[in-house]
Amino acid sequence: MGESIDAMKKRLEFMKNERQQKQAELERLAKESKSTGTRSFLHAILGDNIATQELELQHMTTRAEDIKSQIRKLDFEIQQLESDLENRKTTSPALGRIFCRYCGVENETDAIFCKKCGKNMT
Ligand SMILES: [Zn+2]
């Protein structure tokens, strides 16, 4: 448990921010593909070659799938970090709880020796 709670919080904030950016990118892509799709449709009506637009749309779809899987991964990591943080908080001396590292019993935050096993708490 080398990472401090502050560092974890920062990492969590960073990941949430990244997730937001990806979501925005996905929405931008959706709009873009819609207009490309419309263009492609108009070209088809006019009898033009639609191959370029089709390819563009394909690339967008691939990119969107990619972003979606990145978001899913981020969601998973965020969830894990949040539960890690929750666990850390409940065992943090700062919040008035401390556990013996030998027997696991909860002690007073200023305890020098464990009240159960008597081992050194400091
Ligand atoms: Zn103990």
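Every residue in region 17-75 that is aliphatic (A, V, I, L, M), surrounded by 14 or more Cβ atoms within 10 Å (Cβ to Cβ) and part of a helix (DSSP H, G or I), please. Residues satisfying the conditions are LEU26, LEU29, LEU57, MET60, ALA64, ILE67, ILE71, LEU74. Of all residues in region 1-16, exactly one satisfies the criterion of being among the aliphatic types (A, V, I, L, M) and assigned to a loop (DSSP other than H, G, I, E, B), namely MET1. Pairs linking a residue in region 58-70 that is under 14 Å from LYS34 (Cα atoms) to a residue that is of a type in the set (S, T, N, Q) and surrounded by 13 or more Cβ atoms within 10 Å (Cβ to Cβ), with Cβ atoms under 9 Å and 6 or more positions apart or on different chains, are MET60/SER33; MET60/THR36; THR61/SER33; ALA64/SER33. Looking across region 67-120 at every residue that is acidic (Asp, Glu) and at pLDDT below 90, the one that is nearest to the ligand (Cβ to nearest atom) is identified as GLU106.
The values are calculated or read from the model by the stated rules, or taken from the named source; none is laboratory data. Worth saying up front: this structure is predicted, and the values here are computed from it rather than measured. Reconstructed Cβ throughout: ideal geometry from the backbone, glycine too, with neighbour counts over all protein chains shown.
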